[in-house]
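Novice: My structure is below; once you've seen it, I'll send some questions.
The values are calculated or read from the model by the stated rules, or taken from the named source; none is laboratory data. Because the structure is predicted, anything quoted here is derived from the model rather than measured. Ideal geometry is used to build each Cβ from the backbone, glycine not excepted, and the neighbour counts take in all protein chains shown.
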Amino acid sequence: MDYKKVFEELVLTVIREGGSDLHLGTGRVPIIRVSGELISLVKHSVLTAEDMLGILNEILDKAKVDRFISDQEIDFSYDFRGEARLRGNGFFQKGLINVVFRLVPKVKTLKELHLPPILAELTRKKQGFFLVVGPVGQGKSTTLSAMVNLINNEQARHIVTIEDPIEYVYAQNKSIINQREVGIDTRDPHMALKSVFREDVNVILIGEMRTPETIATAVTAAETGHLVFSTLHTNNAAQTIDRIIDSFPGTQQDQIRAQLSSSLLGIFSQRLIPRITGGLVPAYELLLNNNAVSNLIREKRTHEIDVVIETGMESGMVDLNHSLIELVRAGEISIENARQYSLNPKGLERMI
């Protein structure tokens with residue numbers, strides 16, 4: 001069987017249907033995700049263990065396949081004909097090979113992604129720490145790619161990304177862009193982050209902050225004249241700040257709290273909501289650091305941050321419920337979905 005052809009036809013199906021993910025697993029037909037819903041490709045034959053190994057051998061080199069068999073899981077990226085990129089994760093379940101691919105579309109602009117223009121202002125800052133947060137699959141990397149590419153197109157800066165794996169690939173314009181993939185360009189993401197201090201860097205993108213050491217180094221980088229972007233799997237701004245601080249031992253929490261209060265630029269939390277007309281549209285919360293927010297972080301009063309966001313709209317902050325209501329009023333999403341995605345349903349009801 002021509003496994004390369006089989007795989008390419010499946011990827012083309014995802015692209016043609018406007019899908020986001022492709023699920024391949026031994027003992028079942030391929031499945032794609034379109035607008036948040038899983039759809040089985042019932043006309044396709046059931047994949048066998050031989051098929052799965054054949055597809056893997058087409059998209060990964062032998063060393064990676066061997067490592068996958070040994071470690072029983074692997075993260076990787078795949079360039080599809082120079083037209084699209086896929087982020088892949090291979091794993092075993094019940095002793096059988098499974099692979100999930102996320103289609104990484106080409107870098108889009110903030111306007112194309114229906115994101116607020118104030119994010120563009122943040123890309124023009126010379127230093128600080130900016131986080132894009134939310135559950136898995138809510139477009140965090142896509143938002144950051146638009147912000148990084150805006151810097152690339154507007155400013156002459158040195159941008160270094162540390163990713164596992166590389167998702168969006170940038171066409172160098174006014175900036176120098178160096179993209180480092182964990183496992184290929186560096187063994188240790190924390191060491192890669194420490195080394196940027198010797199690389200004359202202006203902007204740092206960390207794909208995901210997974211350890212206290214990485215968080216501490218990222219905050220230090222923001223304090224020392226760098227613009228730092230990263231992501232966390234948290235639900236909102238207040239929870240994000242608590243997660244960062246709680247990841248450190250008690251003896252270090254006052255220090256990281258003080259550093260974060262001064263270096264934080266903002267936190268952008270987003271959700272992709274099903275559109276009435278099909279597809280997905282973002283709803284979001286935006287916290288911008290100011291004297292009030294900085295004081296709340298230092299004084300361990302992060303539970304009051306939601307109130308600051310609600311009352312800070314004139315300064316550019318965005319409350320998630322207001323974002324949801326605006327989408328409802330614009331006819332983009334249903335009120336039922338607004339209720340489902342709200343983190344404060346009672347507050348939403350008062351606004352309806």
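Novice: Any residue that is touching a residue at least 40 places away in the same chain (Cβ under 8 Å) and assigned to a loop (DSSP other than H, G, I, E, B) - is there at least one of those in the range 264-276?
Specialist: Scanning the range 264-276, I find at least one residue that is touching a residue at least 40 places away in the same chain (Cβ under 8 Å) and assigned to a loop (DSSP other than H, G, I, E, B), so the answer is yes.
Novice: Moving on to the next point. Looking only at the range 303-329, count how many residues are among the polar types (S, T, N, Q) and either more than 25 Å from the chain's Cα centre (by Cα) or surrounded by fewer than 20 Cβ atoms within 10 Å (Cβ to Cβ) (or both).
Specialist: The number of residues fulfilling the criteria is 2.
Novice: Can I ask one more? So, T142, is that one polar (S, T, N, Q), without any contact (Cβ under 8 Å) to a residue 60 or more places away in the chain, crowded, with 20+ Cβ neighbours inside 10 Å and closer than 19 Å to L272 by Cβ or not?
Specialist: When the stated conditions are applied, T142 passes them.
Novice: List every residue pair whose Cβ atoms lie under 7 Å apart, where the two residues are 6 or more positions apart in sequence or sit on different chains, the first residue falls within the range 287-315 and is closer than 18 Å to Q255 by Cα, and the second residue, located anywhere, is hydroxyl-bearing (S, T, Y).
Specialist: Partner pairs satisfying both residue conditions: S294/S261; S294/S262; L296/T302; I297/S261; R298/S261.
Novice: Among the residues of the range 16-55, which ones are β-branched (V, I, T) and either under 21 Å from the mean Cα position of the chain (by Cα) or assigned to a strand (DSSP E or B) (or both)?
Specialist: Within the range 16-55, I31, I32, V34, I39 meet the criteria.
A quick yes/no check of all residues on (1) assigned to a loop (DSSP other than H, G, I, E, B); (2) farther than 17 Å from R87 by Cα:
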site	(1), (2)
G137	yes, no
S141	no, no
L150	no, yes
I159	no, yes
Q179	no, no
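Novice: Turning to a different aspect of this structure: For the range 216-235, check the following and say yes or no: at least one residue is surrounded by fewer than 19 Cβ atoms within 10 Å (Cβ to Cβ), free of Cβ contacts under 8 Å to residues at least 24 places away in the same chain and in a helix (DSSP H, G or I).
Specialist: No, every residue in the range 216-235 fails to be surrounded by fewer than 19 Cβ atoms within 10 Å (Cβ to Cβ), free of Cβ contacts under 8 Å to residues at least 24 places away in the same chain and in a helix (DSSP H, G or I).
Novice: Continuing with the same structure: For L343, are the conditions met, namely being at pLDDT below 95, surrounded by 16 or more Cβ atoms within 10 Å (Cβ to Cβ) and not in a helix (DSSP H, G or I)?
Specialist: It is true that L343 is at pLDDT below 95, surrounded by 16 or more Cβ atoms within 10 Å (Cβ to Cβ) and not in a helix (DSSP H, G or I).
Novice: For the condition assigned to a helix (DSSP H, G or I), among the polar types (S, T, N, Q) and either over 24 Å from D185 (Cβ atoms) or free of Cβ contacts under 8 Å to residues at least 40 places away in the same chain (or both), what is the one hit in T109, T13?
Specialist: Criteria check complete, one pass: T13.
Novice: If I ask for residues that are surrounded by fewer than 17 Cβ atoms within 10 Å (Cβ to Cβ) and of a type in the set (G, A, S), which ones from the range 86-139 would you list?
Specialist: G95, G137
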